[in-house]
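Please read the structure below before turning to the comments.
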Amino acid sequence: MKGGVIPFRGTGSDALRYLESDRARADEYYLEAGTALAEFTAVDAEGRVIGELGLTAEEYRQWVGWINPLTGESMGRPRLRGEGGRGSPRFMEMVVNVPKSLSVAAGLHPEVSEALDAAQRDAVAEIRSWLGQHSVTRVGARGKQEVVPIEQLETVAVSHKTSRAGDPHRHIHFQIGTRVWAAGRWRGLYTAALFRQQGAIRALGTAVIAAHPQLAAVLDAHGLTLDPVTGEVAELVPWKAVMSKRGQQVARNLAKFEAEWEAAHPGQETGPVVRARLHAKAWDHERPSKKPSVLGSEAGWLRELQEAGYTPDLPRATVQPLRTLDELAVQQVASRALDRCAAAASAWTVHDVQEQVAHIVTEAGVRATREELREFITITTRLAADDCLSILPPDAPRLEHVAHLTTLHVVAVETELRDRLAARATRPVHGATPRVQEPGLDADQARAAAALASTRPLVVVEGAAGAGKTTMLGAAIRAAGQEGRSVRVVTPTKKAADVAAAELGVPTDSVAALVYDHGFRWNADGVWTRLAVGDTDPVTGATYRGPAKENRLAAAERVVVDEAGMLDQDTALALLTVADEAGATLALVGDRAQLPAVGRGGVLDIAAALVPRVYSLTSLHRFADPDYAQLTLALRTGRDPAELFDRLHALGLVRLHEDTEALRAAVAAERIDGAAITAATNDEARELNTLIREDRVRAGAVDDARTIDGADGLSIGAGDLIQTRRNDSEMGVANRQTWIVQHVSGDGSLWVRDAASQRKQQ
């Protein structure tokens with residue numbers, strides 16, 4: 001399952017239009033000549049079902065308006081948009097979806113379709129029951145509220161078999177009512193808690209579908225294999241891209257034709273007949289060599305698959321061997337779940353623990369019923385939580401959605417990290433601090449550069465974006481060289497290290513690469529170990545011989561960590577250990593207001609609190625406009641965001657669009673060399689990349705005739721700008737490094753050149 005929980009703030013009519021816009025055929029909603037639209041269910045605090053109904057369109061509209069379908073009573077008056085805010089959230093929605101290959105299999109075989117429906121219903125039932133047991137509300141006057149469990153929760157499930165474009169896309173709109181019964185009356189669901197629970201329920205739903213015995217058996221009867229780890233139909237994975245690409249093409253065409261229709265018919269809404277005509281037009285648009293197909297029909301999609309090379313007699317695929325829950329050691333799963341929690345944060349909730357337990361169970365490749373999964377996950381989560389300690393005061397309430405759990409290991413790592421930094425911060429300094437005087441340096445830069453060029457065991461430099469940190473580093477390196485001391489720059493990412501090497505002309509690498517060469521190892525769960533010289537590397541099987549000559553630190557060598565705000569605690573402790581062993585000095589350069597560490601961070605905060613002085617770079621050098629420079633400093637603090645937004649808008653730096661489609665079209669039409677676009681989700685990034693690529697294909701900048709598929713399912717051809725997503729020292733590529741494709745070989749390999757230089761690569 002992918003996607004998060006999203007609040008819906010519209011009216012009942014808005015909700016109906018929203019649901020209808022997400023389907024391709026009317027019969028998917030009005031299942032039997034309009035008899036039922038949605039499945040309503042109410043559960044109690046134990047997760048037991050206490051009421052079920054099939055809602056008509058009108059009944060569904062009333063439920064969205066907070067009318068209880070079971071009794072007809074009002075559950076409150078929702079605040080409308082414009083009444084002092086955005087309006088009350090009527091329900092919280094998450095989509096119970098499945099991998100594309102499962103949707104394709106269901107479209108090919110009616111028996112698989114029925115089995116998949118049952119598996120998705122089981123996932124919904126398990127999530128709904130869990131929410132009944134763990135959802136909360138607040139009771140009491142403002143400022144004195146207490147969080148209490150709910151006594152009744154209502155949900156609605158609406159099933160779809162296709163996407164808006166009509167391609168196979170099984171999903172259920174699972175809508176969680178925001179009115180709950182507790183302490184004698186209807187109250188608001190505490191949605192802040194639900195947001196913190198969403199990872200746990202998403203992992204639970206994924207586990208139920210991937211492990212589903214009946215679904216696997218039906219697929220097997222049709223010569224297909226349900227991969228228990230990924231939930232994919234293994235034999236159909238190669239055809240996922242065909243379905244996804246075609247669906248995306250139809251969706252883009254449909255959005256274009258709907259916009260044209262709305263522009264030609266202002267104030268009108270598309271009815272079923274118009275929608276069907278627009279769908280058909282979108283389906284056949286830009287397919288002049290193809291015969292018209294029946295939109296969204298299984299026969300139409302089967303024809304698409306056959307044109308791509310699909311045949312029913314596919315050879316059976318090999319997947320990870322199945323395991324039973326009895327083969328999993330509860331204590332081991334619990335321990336691994338805590339390792340993963342500790343790798344991500346210093347404190348976590350019991351829901352975070354359950355999420356990791358569910359992920360580990362799915363990754364193990366088990367086959368089990370939802371009842372069996374529930375029992376195993378519940379027991380293991382409880383065992384893991386019992387191994388935690390709370391960071392809250394003894395008399396504070398232990399709320400499930402509050403991150404208060406941690407482990408002795410996390411405390412020990414942070415304690416050792418703090419102790420090592422404190423020892424450096426208080427160690428006497430030997431030797432005079434050199435004077436740094438270079439043209440172009442301001443006073444802050446000169447003082448910081450002098451400190452870095454000195455023998456101080458620990459130096460902390462902080463500055464905002466554009467404050468001249470790189471210029472200061474260059475001056476510090478030259479000053480240290482004049483004193484006979486070497487400087488090595490390391491960064492949290494390989495790409496940043498490559499940039500630093502080009503700008504500073506000194507040895508650079510990622511922190512991870514340096515400590516790895518000194519024997520540190522870490523696994524997928526975030527557990528760190530260290531090899532001694534002569535040990536066998538458990539991953540490569542080779543004998544560890546110690547660090548390479550170029551990675552051995554010298555006594556008094558200055559190790560500078562650039563972008564130190566992104567450094568996580570485990571990596572920082574490993575680096576400090578290596579530096580302490582060699583007698584090297586350390587400098588942390590960064591900005592605590594910028595991007596934090598992916599895992600347990602706060603390293604720069606700890607160091608800044610321990611050193612006698614933090615060298616702050618207060619002037620901005622990057623921006624030609626002084627007003628904009630000051631605005632960036634205000635943005636860095638984050639205070640008064642409404643005023644900051646207005647100032648950005650007044651400068652023309654924020655552009656408002658009528659809808660998402662208009663925004664995407666405007667972004668795709670921009671041509672700015674070297675610009676980067678940040679998107680909220682991978683799906684949004686994929687949509688933008690698709691539009692940009694189509695525009696470049698039309699302009700003749702990209703070859704769309706000979707292509708391969710990238711990791712995101714999009715085509716890659718000569719002329720495309722691509723990004724590598726993993727560090728690979730043998731190939732000489734870095735994570736997030738960009739390349740321009742020059743040639744696509746017949747074997748699927750790419751010939752590319754570095755987008756920032758002329759270096760070529762295969």
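Annotations for the structure displayed:
- Each listed q (0.14 Å⁻¹) maps to a log10 I(q)/I(0) for segment 87-176 from the Debye sum over equal C-alpha point scatterers, namely -0.61.
- Share of Cα-Cα pairs in segment 6-239 lying beyond 27 Å, as whole percent: 37
- Candidate values (i) 27.1, 85; (ii) 26.1, 89; (iii) 29.1, 88, label of the one derived for Rg and Dmax of the Cα atoms in Å: (iii)
- The chain: angle of helix 469-482 to the longest principal axis, Cα-based, in degrees nearest 10: 30
- Modelled FRET efficiency - R0 22 Å, residue 327 with residue 527, Cβ distances, 0.05 increments: 0.55
- In loop segments of segment 610-708 as defined by DSSP, the trypsin sites (Lys or Arg not before Pro) with at most 15 further C-beta atoms inside 10 Å of their C-beta are 613, 622, 639, 655, 671, 706.
- Loop-resident trypsin sites (Lys or Arg not before Pro) (DSSP state other than H, G, I, E or B) in segment 345-436 with no more than 13 further Cβ atoms inside 10 Å of their Cβ: 398, 435.
- In terms of other Cβ atoms within 10 Å, 154, 462, 503, 670 run from fewest to most in the order 670, 503, 462, 154.
- With contributions of -39500 (n - 2.57) from each DSSP H run of at least four residues, the per-residue ellipticity at 222 nm computed over the chain stands at -13000 deg cm²/dmol.
- Folded to 0 to 90 degrees: helix 641-650 orientation relative to the chain principal axis, Cα: 90
- Cβ-derived FRET efficiency at R0 30 Å, residue 145 paired with residue 390, nearest 0.05: 0.90
- Within segment 413-617, DSSP assigns beta bridges of which about 15% are antiparallel (rounded to the nearest 5).
- Full-extension gain in nm, residue 624 to residue 237, via 0.36 nm per residue minus C-alpha separation: 134.2 nm
- Only beta bridges with both residues in the chain are counted; by DSSP, about 75 percent of them are antiparallel.
- Potential extension, residue 191-residue 650 segment - 0.36 nm per residue separation minus Cα distance: 161.8 nm
- Amide H contacts under 5 Å for residue 90, placed H, 5+ residues apart: 8, 9, 10
- Note on residue 542 and residue 642: their simple-model spin labels are 6.0 nm apart, each label 7 Å out from Cα toward Cβ.
- Other residues lying with their Cβ under 11 Å from the Cβ of residue 99 contribute a combined charge of +2, Lys and Arg counting +1, Asp and Glu -1.
- Here the gap between residue 70 and residue 740, fully extended at 0.36 nm per residue and compared with their Cα-Cα distance, gives a gain of 235.2 nm.
- For segment 720-727, 3J(HN,Hα) computed residue by residue from phi via the Karplus equation (6.51, -1.76, 1.60; θ = phi - 60°) reads 5, 9, 10, 9, 7, 10, 7, 6 Hz, glycine and proline entered as x.
- Local electrostatic count, residue 64, Cβ distance below 12 Å [Lys/Arg +1, Asp/Glu -1]: 0
- Residues 318, 378 arranged by fewest to most Cβ contacts within 10 Å: 318, 378
- Normalised by residue count, segment 702-762 yields a Cα convex hull volume of 79 Å³ per residue.
- Computed from Cα positions, the angle between helix 272-284 and the longest principal axis of the chain comes to roughly 50 degrees.
- As a proxy for reagent exposure, ranking 739, 348 by other Cβ atoms within 10 Å from fewest up yields 739, 348.
- Paramagnetic reach from residue 503 in segment 465-481 [backbone N under 13 Å; point 7 Å along Cα→Cβ]: 465-475
- Between residue 694 and residue 229, the simple label model (points 7 Å from Cα in the Cβ direction) yields a spacing of 3.6 nm.
- Summed side-chain charge close to residue 424 - residues other than residue 424 whose Cβ falls under 15 Å, Lys, Arg +1, Asp, Glu -1: +1
Each value in this text was obtained by applying a stated rule to the coordinates, not by laboratory testing. All values reported here derive from a predicted model rather than from experimental measurement. Quick reminder, even Gly has a Cβ in these numbers, built from the backbone with ideal geometry, and neighbours come from all protein chains shown.
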